[in-house]
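Taking it in order: structure first as structure tokens, then the write-up.
The values are calculated or read from the model by the stated rules, or taken from the named source; none is laboratory data. What you see is a predicted model; the values in this text were computed from it and never measured. Cβ atoms come from the backbone with ideal geometry, glycine included; neighbour counts cover every protein chain shown. These area figures cover heavy atoms from the full protein model, side chains too; ligands, DNA and RNA do not enter into them. Shrake-Rupley method; radii C 1.70, N 1.55, O 1.52, S 1.80 Å.
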Amino acid sequence: MKLTSLCVYCGSSTGNDPSMMAEADRFGHMMAKAGVRLVYGGGGVGLMGAVARAVLAGGGQVTGIIPQFLTEIEVQFNEVSELIVTDSMHARKQLMFERAEAFVALPGGIGTVEETIEMLTWAQLGRHSQPIVIANLNGFWDPMIELLDHIIKAGFARSNIRRIYSVVDKVEDILPRIEASL
């Protein structure tokens, strides 16, 4: 099966490491070249904006999904192929889930962590079996990966939860890892 849509969770900030913006941009171009539609949070700043702009610059399609209250706080990216404004964060996350065939977590903040953990939780509970990839660029996600291992060691999760996600260290490994899982 060929991947046609991918939900990317990532920061609405640029972070302190300039290479993260460069990697977000590179990944967006890779998605466009592969014909994979970006499904994301609808912002025009930070890593989110970099991925979206790169997909569009490469001739790809972008679906941005943003709750109404964030249109007043964040910089909404109006140039996307499709922009959906929802009533709530819950509606936003549900639509992102419904519109994507797989999920990837690039570096980001608390929202990125929360969205990634939610997809892991839904997979653990059997709500979906779509691929989830954690893009551990420059070791960014090492603490979360260690936390997941700690949860298993402490007996609060079974070791088989490791099968519901993959970890890659380079953006060029994301799409091949997902395609191998479909």
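Miscellaneous remarks
- The residues listed here are VAL133, VAL75, VAL62, VAL51; of these, the one that is closer than 18 Å to THR14 by Cα and at pLDDT 95 or above is VAL51.
- Of the candidates GLU172, GLU146, GLU118, the single residue that is of a type outside the set (A, V, I, L, M, F, W, C) and in contact (Cβ under 8 Å) with a residue 40 or more places away in the chain is GLU172.
- The set of residues in the stretch 161-182 being within 12 Å of MET30 (Cβ to Cβ) and open to solvent by 90 Å² or more (accessible area, probe 1.4 Å) consists of LYS170 alone.
- Residues of the stretch 15-28 satisfying the condition of being in contact (Cβ under 8 Å) with a residue 24 or more places away in the chain and either farther than 20 Å from ILE65 by Cα or open to solvent by less than 10 Å² (accessible area, probe 1.4 Å) (or both): GLY15, ASP17, SER19, MET20, MET21, GLU23, ALA24, ARG26, PHE27, GLY28
- Breaking point among (1) out of contact with any strand residue (DSSP E or B) (no Cβ under 6 Å at 6 or more places or on another chain); (2) among the hydrophobic types (A, V, I, L, M, F, W, C); (3) buried (at least 21 other Cβ atoms within 10 Å of the Cβ); (4) without any contact (Cβ under 8 Å) to a residue 40 or more places away in the chain, for LEU47: (4)
- Qualifying residues in the stretch 86-104 (those that are in a helix (DSSP H, G or I) and hydrophobic (A, V, I, L, M, F, W, C)) - the one modelled with the lowest pLDDT: MET89
- Selected residue (only one of GLN68, GLN61 is in contact with a Lys or Arg (Cβ under 6 Å, 6 or more places away or on another chain), of a type outside the set (Ser, Thr, Tyr) and either open to solvent by 60 Å² or more (accessible area, probe 1.4 Å) or closer than 16 Å to LEU106 by Cβ (or both)): GLN61
- Evaluating PRO107 against the criteria (1) assigned to a loop (DSSP other than H, G, I, E, B); (2) more than 17 Å from VAL167 (Cβ to Cβ) leaves one unmet condition, (2).
- Residues of the stretch 96-151 classified as open to solvent by 60 Å² or more (accessible area, probe 1.4 Å) and in contact with a strand residue (DSSP E or B) (Cβ under 6 Å, 6 or more places away or on another chain), total: 1
- All positions within the stretch 23-82 that are under 16 Å from the mean Cα position of the chain (by Cα) and in a loop (DSSP other than H, G, I, E, B): VAL36, GLY41, GLY42, GLY44, VAL45, GLN61
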